[in-house]
Amino acid sequence: MALAATAVSAAGAAPAAAAADSQLLKATYINHVSYQVADYAKTHDFYANLFGMKVTEDDGKQCRLTFGYNILIARTRPSGTPKVDHIAYMQTGTRAKRKWKRN
């Protein structure tokens, strides 16, 4: 199961409470990073040509680049100012999943 986290939601987590909760989700790896950029085509070329990432989807507005089990999603942002939109983590913990779905 992939969970998406933003800087806003991550900043609200309380470290002391997290340490005390034995039912927390355990992140096993990053599933994908969604990145908004000024020109997705330039980002596409940069990562594909420099790092050898494989382009698995490209619809003319955004693309998915894969490397190992990870995915980088690059899409053009209307304002042109680049930003990380979200990061999705793969995680374990059945009880924690049910708890997360209820919230």
At 0.890 mPa s and 25 °C, plugging the Kirkwood radius over alpha-carbon pairs of the stretch 27-102 into Stokes-Einstein gives what diffusion coefficient in µm²/s? 182
Between A38 and residues 5 or more places away or on another chain, which pairs have amide H atoms under 5 Å apart, with H built 1.01 Å from N, and which residues are they? R77
The stretch 27-102: relative contact order from alpha carbon pairs under 8 Å, six or more residues apart, as a whole percent, is 45
Along the charge dipole of the stretch 27-102, Cβ charges K/R +1 and D/E -1, which of A27, A88, A41 sits furthest on the positive end? A27
Please work out how many pairs of lysine residues in the stretch 27-102 are eight or more positions apart (or on different chains) and have Cα atoms closer than 29 angstrom. 7
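Computed from the coordinates by the stated procedures, all read-outs in this text should not be read as laboratory data. As the structure is a prediction and not an experimental result, all values here were calculated from the model. For neighbour counting, all protein chains shown are included, and Cβ atoms are generated from backbone atoms with ideal geometry for every residue, glycine included.
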